[in-house]
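All remarks here apply to the structure that follows.
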Amino acid sequence: MRYLRLFSLYFQNVFSHRGRPLVYVSTYVISALIYLTFLQGVFHQNANLNTWTLSTVTSYYFILIVAAGTLMMHPEVPIFRDDIEKGELAGRLLKPFSYYWQRFNIELPVRIFQGVSGAVIAYLLTFIYHANLQFHLTFFTALLAFIVILLAYFMCFTFKIILALTALWTTEIRGAQELTDILVTIFAGYIVPVNLLPGILEKVAYILPFSYIIYYPVVAVQGRLAIQTLFSVIGIQIVWLCILGVIFHLMWRKGLMQYSDFGQ
Amino acid sequence: MKRYFSIYRRLLMLNYHRVLIHKADFLTGLTSSILWGIFSIVAMYILTSRSNSVFGWSRTDLFVLVGVFNILIGGIYRTLFSRNFDRFTHVIQRGELDGLLLKPFNTQFALSFWYISYYGLVRVFLAIIYTTFVLSAAHIAITVVSFVSFFILGFFGLMVLYSFWYLTLTCIIWFPDLYNLIELLYATDNISRYPPQLLGAMKFAPFLVLFPITLIVSVPAKALLHTVTLSDLLLLVGIALCLLYLSKIFWQFALRYYTSASG
């Protein structure tokens, strides 16, 4: 119940500053439309690209806008800037909530707001582009797709928290953050769907966790994955989540020993 | 004017001293700048991996476009202006503009030229090497005419981008909560890495506002590719001068509505 109250408070905060998340969603819209339009130029020469047609790829980028708004979070920025750099972590440690869930509660309302805004924009874009958001789902595949999305959310959140915690040792994460952003943009399926990446890049994308955060949830929602593939994606996501969970716990325990603060 | 050159010389020195003091900040900025430069090339490689020409631009032309983007926007613009515009948003949001308005020199100058991110110069240098390599691999000669026209058009291209950012961020005076508007500008910059025809294919009329952005890189790149026309040149120069004038007028108009944040 107390988490729900906390969530409602943070949601009110997001809603009162709704312009900011809308600006972020607009950046996802612009990026997605740039890549989509460029690929449309490529489709003028090839009707099919590795199982993708112009209509399926259009649908992919529109769902990507929603996925980016919902799943690609940035808790590392306030954690680094406010909690570690400005030393607000001490105050958070005194609260009767686990640090992980405190941050989770702050992030979730933003994600819901951005996801809903992204969905509205994506829906409007279907009229402008005369396209359909294609969902070839049965009840069972929809359920599995939902699990893929849920696991993707936790994967991204835990990964970003780990990234932020590195600042407890280095006191500077901007370089690592930029590197992560670049890797995510290339390997999560922002530029093109992962199976359109050339040669070695496609193989690397399947090894790294980023495609399981954005690409697979999007294609799962589109209904492009067979049930067997969905199960294997969920399996890999669980493995990644376990690995990230262990890393988080180790870093949190050791990192707190490193943390020093000053007060009055 | 002479006074402003003298102030700018001082600012160059001060920023150089800042680099010497905050070496880690310089190295982080340098690393991320180079990484984003590499990213822009990799992204173009990915996008063109299944086609040799898009919107009438060959793969070589597109790689030249990326190189010019890294010289002009990724390099020079990020060195001279980006950090100042980051500060611009915070100055208005936190109500610190009063202090700048009281200073005995032009506020637009103080907001635009305070910081210099020297690490961007490394990206300019690397991007020049990259672009020269792509041009020579495609057997496209760099002549005196193409070099001079690239230099002049690049200058006007930067003027377009500066004015566009200034115009957009001036809106923060009315909406101080939207300090992340700069993120949107970074996203719109990316459109200049692609052929201008891409904007027309976007099928969304409001995006036509971004038309000047598509000229910033493409017209200087055409100069290097020997395909620039007189109409390209006149269009870029005309838009640059109009936007610069508009940004100045709009800023003066917006200042009437600045209310500060103090009690």
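What follows is calculated from the coordinates using simple rules that are stated; it is not laboratory data. Just so it is clear, the structure is predicted and the values come from calculations on it, not from any experiment. Neighbour counts run over all protein chains shown; Cβ positions are idealised from the backbone, glycine included.
Summing -39500 (n - 2.57) over the DSSP H runs of n ≥ 4 in chain B and dividing by its residue number, what mean residue ellipticity at 222 nm do you reach, to the nearest 500 deg cm²/dmol? Present the calculation step by step, with values, prior to reporting the outcome.
Working: 12 runs with 177 residues, N = 263.
Result for chain B, helices only: -22000 deg cm²/dmol.
At B:Asp98 and B:Thr259, where each label point lies 7 Å from the Cα along Cα→Cβ, what is the point-to-point distance in nanometres?
1.4
Let me make sure I get this right: for region B:11-255, a, b and c are the square roots of the gyration tensor eigenvalues over alpha carbons, sorted descending. Under 1.5 in a/c it's rounded, otherwise prolate if a/b > b/c, else oblate. Which is it?
Numbers: a/c = 1.82, a/b = 1.43, b/c = 1.28.
Here region B:11-255 falls in the prolate category.
Compute the separation of the alpha-carbon centres of region A:1-65 and region B:117-189 and state it in Å as a whole number.
Measuring centre to centre over Cα atoms gives 26 Å.
Work out Dmax and Rg for chain A from the C-alpha atoms and quote the Rg first, both in angstrom.
Rg and Dmax of chain A, Cα atoms, are 19.4, 68 Å.
If R0 is 22 Å, what FRET efficiency do you get for A:Arg81 and A:Arg18 from their C-beta distance, rounded to 0.05? Could the numbers behind the result be given before it?
Numbers: r = 22 Å, r/R0 = 0.98.
Result of the calculation: an efficiency of 0.55.
Measuring from label point to label point, each 7 Å out along Cα→Cβ, what is the B:Lys23 to B:Gln197 span in nm?
5.1
Fewest to most neighbouring Cβ within 10 Å: what's the order for B:Lys222, A:Lys254, B:Lys23, B:Lys2? Walk me through the intermediate numbers first.
Values: B:Lys222 26, A:Lys254 12, B:Lys23 9, B:Lys2 6.
Lowest to highest Cβ neighbour count: B:Lys2, B:Lys23, A:Lys254, B:Lys222.
When the helix-only estimate is applied to chain A (DSSP H runs of n ≥ 4, each -39,500 (n - 2.57), divided by the residue count), what is the mean residue ellipticity at 222 nm, nearest 500 deg cm²/dmol? Intermediate values should be presented prior to the final figure.
On the way: 11 runs with 187 residues, N = 264.
Per the formula, -23500 deg cm²/dmol.
Can you give the three extents of the C-alpha atoms in the protein assembly as shown along their principal axes, from longest to shortest, in whole Å?
Projected onto the principal axes, the Cα atoms of the protein assembly as shown cover 67, 65, 39 Å.
Just in region A:161-264: which chymotrypsin sites (Phe, Trp or Tyr not before Pro) are loop by DSSP and have at most 12 other Cβ atoms within 10 Å?
Values: sites: A:Trp169, A:Phe187, A:Tyr190, A:Tyr206, A:Phe210, A:Tyr212, A:Tyr215, A:Phe231, A:Trp240, A:Phe248, A:Trp252, A:Tyr259, A:Phe262; in loops: A:Tyr190, A:Tyr259, A:Phe262.
Hits after loop and neighbour filter: A:Phe262.
Please compute the modelled spin-label separation between A:Asn132 and B:Thr143, points set 7 Å along Cα→Cβ, answer in nm with one decimal.
Label at B:Thr143, label at A:Asn132, 5.5 nm between them.
Would you mind counting up the charge near B:Pro195? Only other residues with Cβ under 11 Å from its Cβ, with Lys and Arg at +1 and Asp and Glu at -1. Before the final figure, lay out the partial values.
Values: positive: B:Arg193, B:Lys222; negative: B:Asp61.
Spelling it out: positives minus negatives among the neighbours equals +1.
With the Cα gyration tensor of region B:190-263 in hand, give its eigenvalues times 5 under a square root as the equivalent ellipsoid semi-axes, listed largest first in whole angstrom. Don't skip to the answer; put the middle values down first.
Values: eigenvalues 201, 53, 22 Å².
Rounded to whole Å, the semi-axes are 32, 16, 11.
Rank these for me by crowding, A:Cys156, B:Cys171, going from fewest to most other beta carbons within 10 Å.
Details: A:Cys156 26, B:Cys171 14.
Going from sparsest to densest Cβ surroundings: B:Cys171, A:Cys156.
Please identify which residues in region A:48-87 have an amide N closer than 19 Å to a label point set 7 Å out from the Cα of A:Tyr206, following the Cα→Cβ vector.
Those under the cut-off are A:49-52.
Averaged over peptide A:123-130, how many Cβ atoms belonging to another chain are found within 10 Å of each residue's Cβ?
Numbers: counts 0, 1, 2, 0, 0, 4, 3, 1.
That average works out to 1.
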